[in-house]
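Below: one structure, written as structure tokens.
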Amino acid sequence: MKLSTNIGNKERVVRIFVGLAIASLAFWGPANMWFLLGLIPVMTGVVGWCPPYQLLHINTKSKSAHQ
């Protein structure tokens, strides 16, 4: 089963930066495991596919990118 991307390029960049910002809390924030939540937006941004978007039939890619 091939997963098609459902996240637009601008949103992918935002997800990666926000995820890295959250993950950076591991180095200068309190010592806990919450920084791992930052890995979720990083991975969805890198891959370009978001499982909740798939379930809710949301697609933020531009229409011209589908063709």
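The values are calculated or read from the model by the stated rules, or taken from the named source; none is laboratory data. Everything quoted here is computed from the prediction, not taken from an experiment. Ideal geometry is used to build each Cβ from the backbone, glycine not excepted, and the neighbour counts take in all protein chains shown. Surface areas here come from the heavy atoms of the whole protein model, side chains and all, with no ligands, DNA or RNA. Shrake-Rupley method; radii C 1.70, N 1.55, O 1.52, S 1.80 Å.
A few remarks follow.
- Here is how the number arises for the chain: DSSP H runs of 4 or more residues each give -39500 (n - 2.57), the sum is divided by the residue count, and the result at 222 nm is -13500 deg cm²/dmol.
- Projected area, mean over directions - the chain, Cα convex hull, nm²: 5.3 nm²
- Taking 7 Å steps out from each Cα toward its Cβ at Leu56 and Lys10 produces label points 1.9 nm apart.
- Per residue, the chain exposes an accessible area of 78 Å² to a 1.4 Å probe, with every protein chain left in place.
- Accessible carbon and sulfur surface of the chain relative to its total accessible area, %, 1.4 Å: 72 percent
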